Amino acid sequence: MNNQAPLRDQVQMNGIIRPSEREEMRLLNRPTTEAPGPDLNISPDQVQKDIDELDSINQKQEERIHKLETKALQFTNLYFVFQGVILTSISSPTHVKCHHWYVPFILSLIAALFNVVSLLGTLKKYLRYKEELDQNHEDFEEMKRDRITRAQVNKRQKPDPYKQWMRWVFYYAGIVLIVGFSVVILYGCRALLCTTEPSRG
């Protein structure tokens, strides 16, 4: 460190920097820390093996997500069909009287509770799998770019927070839609029966 200051002063006083002095100045002004590179003790085969394993994990995760999407759609479709059958049965001429309104009400309520609970569990699992997949994709890209193993991924790049936020927005919007639809059907179980009964004679 004592030899660096005189060298800089001498170069500045002379005003002329020779090629060798330029190289010395470049070495003196070089940053003391550099970005860590790949560990030389780890073979390229090990790096490629970790990359291939993570790629396989991502593919399996995408299959799980696809199954959860299909499951959520099936729950929703069956629920709407079942509630539609109840709504049709009480809105058409039938032997069900106003004082028996609780029968379709209870059936609709059971279907609503079962669907909401099942849908909540499925969608939460879907969101968790999607977040894990996003993180795996970030790790995968970093491993391919820097040629490192997954154990060497120290500072993990976080996935896009906006994308995660939008998923939660759609999640709560879907739950509100299902609950609102259920409330309308439950109200209709009594309102349709008791308002149409006098006209049936």
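Among the lysines of segment 43-200, pairs at least eight places apart or on separate chains and with Cα atoms under 16 Å apart come to 13. Both radii are taken from the alpha-carbon atoms of segment 43-200; with Rh as the Kirkwood radius, Rg/Rh is 1.26. Extension gain, Tyr162-Glu132: 0.36 nm per intervening residue step, less the Cα-Cα distance, totals 9.3 nm.
Every number in this text was worked out from the coordinates using simple rules, so none of it is lab data. As the structure is a computational prediction, the values presented were derived from the model and not from experiment.
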